[in-house]
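Participant: Handing you this structure, nothing more for now.
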Amino acid sequence: MKHFFLVLSLFISTSTFAQEKYTINGYIADANDGESLIGATVYIREISGGNVSNVYGFYSITVPPGEYTIEYRYIGYTTQVKTISLNADQRMDVELVSDQVILEAVIVTAEPEDVNVSGIEMSTSQLDIEAINKIPSFLGEVDVIKSLQMLPGVTSVGEGASGFNVRGGGVGQNLVLLDEAPVYNSSHMLGFFSVFNPDAVKDVKLYKGGVPARFGGRISSILDIRMKEGNSKELEVNGGIGSIFSRLAIEGPIKKEKASFIIAARRSYIDILAKPFSSFFDDGAALYFYDLTAKTNYNISDKDRLYLSGYFGRDIFNFTKSEGINWGSKTLTFRWNHLYNQRLFSNLTFFVSNYDYELAFGDDNVDKFEWSSDITTFNIKPEFTYFLDTKNELTFGGEYLKYNFEPANATVVSVGEVTKFDLPNKHAAEYAAHVGNEQRVNSILTLLYGLRYSGFNYLGPSDVYTFSDTTAGFRPTVNSVQTASKGETVKTYTNLEPRLAAKYQLNETSSVKASYNRMAQYIHLVSNTTASNPLDIWTPSTNNIKPQIGDQVALGYFRNFKSNAFETSAEVYYRKTQNQIDYIDGAELFINQTIEGDFLSGKGRTYGLELYAKKNEGRLTGWMSYTIAKTELKIDGINFQENKESRKGKWYPTRYDQKHNFKAAAFYEKSERVSFSANFTYLTGTPTTFPTHRYQVEHLTIPENAQDSRNNLRIPDYHRLDFSITILGRKIGKSGKVRKNESSTVVTFYNLYNRKNPFSIYFSQKDEQLIDNQIADTRASQVSILGSIVPSVTYNFKF
């Protein structure tokens, strides 16, 4: 790897002197608040080409000397045109002015209007905060994760489910990044809200496929969320008062146009509102969440910028003052941008991320149970971008992560006697190096190719278990236990992860794109419930658990109509996976020192078609999407049915498999102040395992799955309609002057037609005395998290 970077540095050095050229570079920002603009277009008319700004708003273009006309474009902003005579390197920082007329339309990307056709990316969705604010949401509270679920290929198993699923993948197969730090649980209140405060979010980008080489660590998707830097021009306060929680954000300059900050906080208060009307909260019960998001930045010089950001949030769900559950996340990220020369841009990132939960039962110190668990990650990540010329943009870098897993710290007190059930901590290190290049071969062909080399070490101190061979599907016995010393490498895994994407421009309005990526995932989310929950645990790859590997190919056709007023696309994808984890029947996943013996491993596959259509202009805007897909696993010891002797597994659907997925979102601007929004969701019911037979023994009904089939039936389909009305405050005051303050009132009706969507179904026997030969009365009951319309009112303000 050292030789690779040496050759790369020599290539960069020699390419600089290939011919006489000069570089134009700088940062592109919002003229109103100084926020950097991600993905702004820099277009040079004379060469019919240019570049786009990176995630820090930086751009660089190298061209021969001459006279040039440069256009700076960004959707929702007035295009700025500059004419220059280039005979030396020039620094050109640009501030674009917001165009309020354009901003009234819903924007699902902040890049060129035809980026879906002309850009190299596919299987990628980028949501502007303006679009997120328009979507009707539960209790009127804007939510990043719920907004993503309105896009093709992104689903959830229902209300009350944490996280999200992408193209049939599990919640733990998504890498969620907040300013580059991983967030291991992205939900508040068991999935009803996300942990991301919309007042602090600037950009949201989801990679479902065609993932660049700089990303890795999960096999399903990458969700990259970037926070605001804070208004560098003037002090600004905004927030909202809602039905269940309120939020407040303060941002402003520390040193005008040099340093700025933003602090955003939220707190729910359903417990405070309900306390006067319920005795439930009299004995110390609590039900609320809170979070704090903060960021600051400082421009040291034209070549150096520093960023420091963090998040802290927690959910409290206490039944009494001594019983309950609480969980939360913490992240801290430090970044340093440095410009080595006109064309070499770097970013150095350090972060620490932690997720933990606590569970407690018992009325006093004589009889009680306490359990806690957490995962902590430390990371250092240097990355570089070298703008070779107008046709090549080279990226390279690496990262090193250190993991510490605390699977269980448990204490049982029975009649005053204390017993500890702690499990030993687990340790691991992950590392990677990557290189990639975006090459515009000619006016019709663009390539994005790269390679990622990743590795993983399972480290001591730890007890290292080996298990005996056993019949597939049964718990093996422990053969031996060895002790690894601190820092000792128990097991090492390495993988090469190639990435390739191509775009072929058919004409000005249509293109064909294809992509392939291999991803390796070295840590695993352990959960055997229908929906992910806060008590799920993370575990590393070990000598018994291999890393998950995913290979995905995708092909898409993209077409715009009427000068980009309408966008359409169709994508097909196929992903095969290795070393997928499922569990033996009766698996013990918590406080189990030999949990690896309860794991089963096999292969998976997912494939589907995603259709998408979007209207960008006019009073009525919005989009529709439809996905037809299938996701399956094949694991020996599960679903063997016809192979009872060999127990060779047959393909069976995962619990995230949803064949049909239809979404529609519509936004209507009735007037300058009043707008309406609606969204509709239809999903095929998720698979579940039901008994196929039953036995009655001494008046007791015993269910049996006679075929040992898993996920053999589905719960009923899910569908829901939401509607909202937004009324903006008056822009002109009574004095006739334009008001500086802004406000809006949002009235939302969630689940408009009272659909009782099933979350799960369970079976029970009626509690009655049976006489001889009488058949027991059994029934199937449906659990619905929400069974009626949920109205709400939210007042938002900004000054």
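Participant: Classify segment 173-294: rounded, prolate or oblate, from the alpha-carbon gyration tensor (a ≥ b ≥ c, eigenvalue square roots; a/c under 1.5 rounded; otherwise prolate if a/b is larger than b/c)? List each step's numbers first, then the result.
Facilitator: Details: a/c = 3.23, a/b = 1.27, b/c = 2.54.
Note, shape of segment 173-294 comes out oblate.
Participant: Express in nm, to one decimal, how much length is gained between residue 237 and residue 85 on full extension, taking 0.36 nm for each residue of separation and deducting their alpha carbon distance.
Facilitator: 50.5 nm
Participant: Relative contact order (percent) for the chain, with alpha-carbon contacts under 8 angstrom and 6 or more residues of separation?
Facilitator: 10
Participant: Grab the beta carbon distance between residue 130 and residue 793, set R0 = 30 Å, and tell me the FRET efficiency rounded to 0.05.
Facilitator: 0.90
Participant: For the chain, report the accessible area per residue in Å² (1.4 Å probe, heavy atoms, rounded to an integer). Mind dumping the intermediate values first?
Facilitator: Details: 34330 Å² over 799 residues.
Here the residues of the chain average 43 Å² of exposed surface.
Participant: Pull out a ≥ b ≥ c, the square roots of the eigenvalues of the alpha-carbon gyration tensor of segment 617-722, then state rounded if a/c is under 1.5, prolate if not and a/b is larger than b/c, and oblate in the remaining case.
Facilitator: Judged from the Cα gyration tensor, segment 617-722 comes out oblate (a/c at least 1.5, b/c at or above a/b).
Participant: Helix-derived [θ] at 222 nm for the chain: sum -39500 (n - 2.57) over DSSP H runs of at least 4, divide by residue count, nearest 500? Present the calculation step by step, with values, prior to reporting the outcome.
Facilitator: Working: 6 runs with 39 residues, N = 799.
About -1000 deg cm²/dmol.
Participant: Positive end of the dipole of the chain, charges at C-beta (+1 Lys, Arg; -1 Asp, Glu), about the Cα centre: which of 98, 487, 351 has its Cα farthest in that direction?
Facilitator: 98
Participant: Excluding residues fewer than 8 places away in the same chain, name every one of the aspartates and glutamates whose C-alpha is closer than 14 Å to that of residue 630.
Facilitator: Counting by Cα, and skipping residues close in sequence, residue 630 has these aspartates and glutamates nearby: 610, 657.
Participant: Among [x] 107, 30, 23; [y] 69, 31, 20; [z] 45, 33, 27, which is the computed semi-axes √(5λ) of the Cα gyration tensor in Å?
Facilitator: [z]
Participant: If you count, for each residue, the other Cβ atoms within 10 Å and average over each peptide, how do 22-32, 331-341 line up from highest to lowest? Walk me through the intermediate numbers first.
Facilitator: Details: 22-32: 20.3, 331-341: 18.0.
Ranking the peptides 22-32, 331-341 by packing returns 22-32, 331-341.
Participant: Could I ask something else about it? Work out, step by step, the length gained on full extension between residue 471 and residue 366: first 0.36 nm times the residue separation, then minus their alpha carbon distance; give nm to one decimal.
Facilitator: Contour length minus the Cα-Cα distance gives 33.4 nm.
Participant: Between 273, 239, 212, whose Cα lies farthest towards the positive end of the dipole of segment 172-279 when Lys and Arg beta carbons carry +1 and Asp and Glu beta carbons carry -1, centred on the Cα centre?
Facilitator: Working it through, the farthest residue towards the positive pole turns out to be 212.
Participant: Going 7 Å from the Cα of residue 488 in the Cα-to-Cβ direction, what parts of segment 395-439 have a backbone nitrogen less than 20 Å from that spot?
Facilitator: 403-405, 423-430
Participant: If you take the charge dipole of the chain about its Cα centre, with +1 on Lys and Arg Cβ and -1 on Asp and Glu Cβ, which of 612, 419, 540 is farthest toward its positive end?
Facilitator: The residue sitting most towards the positive pole is 612.
Participant: Follow-up question, since we're still on this one. For segment 729-799, which whole-number percentage of the solvent-accessible area (1.4 Å probe, protein heavy atoms only) is attributable to carbon and sulfur atoms? Before the final figure, lay out the partial values.
Facilitator: Values: 2600 of 4960 Å².
Here it works out to 52 percent.
Participant: In addition: Sequence neighbours fewer than 8 away in the same chain don't count; with that in mind, list the aspartates and glutamates whose C-alpha is under 12 Å from residue 798.
Facilitator: 199, 236, 251, 742
Participant: Once you have the Cα-Cα distance between residue 380 and residue 344, take 0.36 nm times their residue separation minus that, and quote the gain in nm to one decimal.
Facilitator: The span from residue 380 to residue 344 would gain 11.0 nm if fully extended.
Participant: Something else: Nothing charged except the Cβ atoms of Lys and Arg (+1) and of Asp and Glu (-1): what's the magnitude of the dipole of segment 576-678 about its Cα centre? Round to the nearest 20 debye. Could the numbers behind the result be given before it?
Facilitator: Details: 17 positive and 14 negative charges, 126 e Å.
That gives a dipole near 600 debye.
Participant: Continuing with the same structure: Can you give the FRET efficiency for residue 506 and residue 391, using 1/(1 + (r/R0)^6), R0 = 22 Å, r = Cβ-Cβ distance, to the nearest 0.05?
Facilitator: Numbers: r = 20 Å, r/R0 = 0.92.
For R0 = 22 Å, the calculated efficiency reads 0.65.
Participant: Using 26 Å as the Cα-Cα cut-off, could you pick out the over-long pairs in 134/663; 402/650; 228/576?
Facilitator: Long pairs (Cα-Cα over 26 Å): 402/650; 228/576.
Participant: In nm, to one decimal, how far is the modelled label at residue 47 from the one at residue 300, with both set 7 Å along Cα→Cβ?
Facilitator: 3.0
Participant: Tilt of helix 2-16 relative to the longest C-alpha principal axis of the chain, in degrees (0 to 90, nearest 10)?
Facilitator: 20
Participant: Roughly how many debye, to the nearest 20, is the charge dipole of the chain about its Cα centre, given +1 on each Lys and Arg Cβ, -1 on each Asp and Glu Cβ, and no other charges?
Facilitator: Details: 83 positive and 88 negative charges, 396 e Å.
The dipole of the chain has a size of about 1900 debye.
Participant: For segment 233-334, just say rounded, prolate or oblate: build the C-alpha gyration tensor, square-root its eigenvalues into a ≥ b ≥ c, call rounded for a/c under 1.5, and beyond that prolate if a/b exceeds b/c, oblate if not.
Facilitator: It is oblate, given that a/c is not under 1.5 and a/b is not larger than b/c.
Participant: Post the alpha-carbon centroid distance, segment 411-433 to segment 162-212, in whole angstrom.
Facilitator: Using only Cα atoms to place each centre, the spacing works out to 27 Å.
Participant: Sticking with this structure for a sec: By a straight-distance test (C-alpha under 13 Å), which aspartates and glutamates pair with residue 562 as possible cross-link partners, with residues fewer than eight away in the same chain excluded?
Facilitator: By straight Cα distance, residue 562 reaches 113, 114, 508, 617.
The values are calculated or read from the model by the stated rules, or taken from the named source; none is laboratory data. Bear in mind the structure is a predicted one, so any value in this text is a computation, not a measurement. No Cβ is skipped: glycine too gets one built from the backbone with ideal geometry, and neighbour counts run over all protein chains shown. The accessibility values were calculated without ligands, DNA or RNA, using every heavy atom of the protein model including side chains. Shrake-Rupley method; radii C 1.70, N 1.55, O 1.52, S 1.80 Å.
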